[in-house]
Amino acid sequence: MTKQGRVEMTTAEKIYRTARELPEPMLHELLDFAELLKKKKEATSSPQENIAHSIQRRFKGLDAENLPIPSRQLSRTPPQFEH
C-alpha cells in the first residue's frame, strides 16, 4: 500500500492490464517474447551439466564386466618401409 492509501499493482498485474487492451496479433508477439524470456532465465539459472556426469548418466546400467572384446588382428612383426 502506498502512502496515499492506494494498493500498488505488481508488474504481472500491470502486464495483464496492458495486454487486455492489445489486439490478438500483438498478444501472440507478447506471448512469444515472454516465453523467450522464460527460456533465457531457465538456461542461465540451471548450471551446465558436467561432462563426467553426462557420460555417467548415459552409460548407467551398462554391464562393463561382460562386454565382448574383439580379438586383435594386428601383426606381431613391424612393417617394412622402403628407403
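Screening LYS60 against (1) surrounded by 10 or more Cβ atoms within 10 Å (Cβ to Cβ); (2) among the charged types (D, E, K, R); (3) outside any helix (DSSP H, G or I) leaves a single unmet condition, (1).
Among the candidates THR18, THR44, single out the residue that is modelled with pLDDT of 80 or more, in a helix (DSSP H, G or I) and β-branched (Val, Ile, Thr).
THR18
Which members of segment 1-15 meet the condition of being modelled with pLDDT of 90 or more and charged (D, E, K, R)?
Let us first name the residues in segment 1-15 that are modelled with pLDDT of 90 or more, namely 10-15.
Selection gives GLU13, LYS14.
The values are calculated or read from the model by the stated rules, or taken from the named source; none is laboratory data. On a predicted model such as this, the values are computed, not experimentally measured, just so you know. Virtual Cβ from ideal backbone geometry, glycine too; neighbours counted across all protein chains shown.
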